[in-house]
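Chemist: First the structure, which I've put down as structure tokens, then a few questions once you've had a look.
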Amino acid sequence: MRTQTIATHYSDHLQVLQQRAAEALRRCQRDHLVIPSGTLHLRLFDDMEYPYAVNPQFKAWLPLTNAPGSWLVITPGQRPRLIFLQPHDYWHAAPREPDGYWAEQFDISIIRTPEDALAQLPPNAPRCAILGEPQSALGEFTPDNPPAAVAYLEYQRAFKTPYEIAMMRAANRTAVRGHRAAERAFRAGSGEFGIHLAYCQATGQDVNTLPYGNIIALNEHAAILHYMTQDRLPPKPLHSFLIDAGADHGGYAADVTRTYSAHEDDFEALITAVDAAQQALAARVRPGLDYRQLHLDAHLALAGVLREAGVLRVGAEEAVARGISSTFFPHGLGHGIGLQVHDVAGFAASAEGGTIAKPEGHPFLRLTRTLEPGMAVTIEPGVYFIDMLLDELKAAGNADAVDWDRVDALKPCGGIRIEDDVVCTDGAPINLTRETFAEA
């Protein structure tokens, strides 16, 4: 039934993309949109390749994420064309011939060498807007990424079609399955690497297919925002577990974070308070809301949580005004999500380009746009006990605002982050992550 839902929406999704492509071509005064899927890259001074990552402009059109050397040709008024590289190769497994609900929407040509694409591409390369990386160049077809076309297409990508929301919901189902397995492994006493393997096994995805590297952090490692080391043995004693891990479905990402305590203690109570604040923020994802204001409100909410927990000795408003909240919440509230984990055009002022500035003093916020129906965002507030930032707080003369005994008691747990993927609608938001956890 879920696959049927995705297939039902796909034709409408293509119509939207065709309209956007026609407008993008009008803006850059070209006739064809040509999109290479991307190529394999050799590592420097080596004969081994980096993991392949498909061009996001390519996978916007079809759920084909393992097709290096292929091309799309979009011409207004015509069916989209897929030039699909399926090489004769006994060293590697060639990509399967395209099939499924989406393939019938394309005119598909199979080629055996990358150079064979030249006979299939439009005859006049200068009349093509070619969207891709420089390494995808083939003959006269060198990606030029016309700014007017790219700005327009990336701006519009913020508005998800029903097909895209269904794909992201499916990605969340996979991610939640992994999160459940990871929590079980943590409760059973596994180390970080073992938890990571449990996650990969449950999702059926690994480093080459996950949308980003798993953050699997026990104890104080949770205070390292992008912790990737993964110790083999669990720490003793075991205090806490933070997991930031996603999944891919047909090129669309899920980005989910949860935090757990090993005990029924003050840290578990703090997790509960942060979770409540996170849910309240997620519920405010409505049309017309400036995401920058939601980020600033998150600081106020988290400062209130820390005050209630006895970590702060000053009120929430004062903690925000003095910059103290940034010591404990040093990153942005979230970002756009979709074809990329940190989806593009988070700062775009309009389809013509331009930038919406971040709030002063908040350099790591990744989204500054006003929310509109169809936008998908993450909501990921966090509270951390980071030695470097705590030292800076003291050096700035703000030591009096903190109960250092409470900090010392909580610091071995590292930190807390709770993250959901949320879709803005005309009414109440759709929390893809919470819905999926409830189903599980």
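Chemist: Between residues in segment 320-334 that are in contact (Cβ under 8 Å) with a residue 60 or more places away in the chain and residues that are of a type in the set (Phe, Trp, Tyr) and surrounded by fewer than 20 Cβ atoms within 10 Å (Cβ to Cβ), which pairs lie under 8 Å by C-beta distance while being six or more apart or on different chains?
Modeler: As it stands, the answer is 330/364; 331/364, since those pairs meet every condition given.
Chemist: Quick one: what pairs do we get from segment 32-56, first residue in a loop (DSSP other than H, G, I, E, B), second among the basic types (Lys, Arg), C-beta under 7 Å, 6+ apart or different chains?
Modeler: 50/43
Chemist: Please pick out the residue among 70, 37 that is polar (S, T, N, Q), in contact with a strand residue (DSSP E or B) (Cβ under 6 Å, 6 or more places away or on another chain) and under 27 Å from residue 148 (Cβ atoms).
Modeler: The unique qualifying residue is 70.
Chemist: Considering only segment 141-193, state which residues are open to solvent by less than 30 Å² (accessible area, probe 1.4 Å), in contact with a helix residue (DSSP H, G or I) (Cβ under 8 Å, 6 or more places away or on another chain) and small (Gly, Ala, Ser).
Modeler: Hits for segment 141-193 are 149, 166, 170, 175, 178, 181, 182, 185.
Chemist: Can I ask one more? Within segment 393-412, identify whether any single residue is touching a residue at least 40 places away in the same chain (Cβ under 8 Å), under 30 Å from residue 354 (Cβ atoms) and in a strand (DSSP E or B), and answer yes or no.
Modeler: No, the conditions are met nowhere in segment 393-412.
Chemist: To continue, here is another question. List every residue pair whose Cβ atoms lie under 9 Å apart, where the two residues are 6 or more positions apart in sequence or sit on different chains, the first residue falls within segment 119-133 and is open to solvent by 10 Å² or more (accessible area, probe 1.4 Å), and the second residue, located anywhere, is assigned to a helix (DSSP H, G or I).
Modeler: Listed by first residue and then by second, the contacts come to 132/57; 132/58.
Chemist: If we keep just the residues of segment 360-415 that are more than 23 Å from residue 243 (Cβ to Cβ) and of a type in the set (Ser, Thr, Tyr), which is least open to solvent (accessible area, probe 1.4 Å)?
Modeler: Checking each candidate, the answer is 368.
Chemist: Taking the criterion of being farther than 22 Å from residue 269 by Cα and not hydroxyl-bearing (Ser, Thr, Tyr), would at least one residue in segment 400-412 satisfy it?
Modeler: yes
Chemist: Here are the criteria: (1) within 19 Å of residue 378 (Cβ to Cβ); (2) touching a helix residue (DSSP H, G or I) at 6+ places or on another chain (Cβ under 7 Å). Tell me which single one residue 310 does not satisfy.
Modeler: Of the numbered conditions (1) within 19 Å of residue 378 (Cβ to Cβ); (2) touching a helix residue (DSSP H, G or I) at 6+ places or on another chain (Cβ under 7 Å), the odd one out for residue 310 is (1).
Chemist: Among the candidates 216, 271, 243, single out the residue that is more than 15 Å from residue 383 (Cα to Cα), outside any loop (DSSP other than H, G, I, E, B), at pLDDT 95 or above and not polar (S, T, N, Q).
Modeler: After applying the criteria, what remains is 216.
Chemist: Could you tell me which numbered condition residue 152 fails, if it satisfies all but one of (1) assigned to a strand (DSSP E or B); (2) of a type outside the set (A, V, I, L, M); (3) in contact with a Cys (Cβ under 9 Å, 6 or more places away or on another chain)?
Modeler: Result: residue 152 fails condition (1) only.
Chemist: Do any residues in segment 81-97 that are free of Cβ contacts under 8 Å to residues at least 24 places away in the same chain and under 25 Å from residue 33 (Cβ atoms) have Cβ atoms under 9 Å from those of residues that are of a type in the set (Val, Ile, Thr) and part of a strand (DSSP E or B), where the two are at least six apart or on different chains, and which pairs are they?
Modeler: Close Cβ pairs satisfying both conditions: 97/108; 97/110.
Chemist: On to the next question. Pull up segment 337-386, narrow it to residues that are in contact (Cβ under 8 Å) with a residue 24 or more places away in the chain and acidic (Asp, Glu), then point me to the one that is nearest to residue 54 (Cα to Cα).
Modeler: 343
Chemist: Here's something else I'd like to know. Out of curiosity, is residue 56 at pLDDT 95 or above, open to solvent by less than 40 Å² (accessible area, probe 1.4 Å) and not basic (Lys, Arg)?
Modeler: It is true that residue 56 is at pLDDT 95 or above, open to solvent by less than 40 Å² (accessible area, probe 1.4 Å) and not basic (Lys, Arg).
Chemist: Would segment 105-113 turn up any residue that is β-branched (Val, Ile, Thr) and closer than 30 Å to residue 417 by Cβ?
Modeler: So far as segment 105-113 goes, no, none of its residues is β-branched (Val, Ile, Thr) and closer than 30 Å to residue 417 by Cβ.
The values are calculated or read from the model by the stated rules, or taken from the named source; none is laboratory data. Note that the coordinates shown come from a computational prediction; the quantities given were computed from them, not determined experimentally. When we count neighbours, we look across all protein chains shown, and the Cβ atoms used for this are built from the backbone with ideal geometry, even at glycine. With ligands, DNA and RNA removed, areas are computed over all heavy atoms of the protein, side chains included. Shrake-Rupley method; radii C 1.70, N 1.55, O 1.52, S 1.80 Å.
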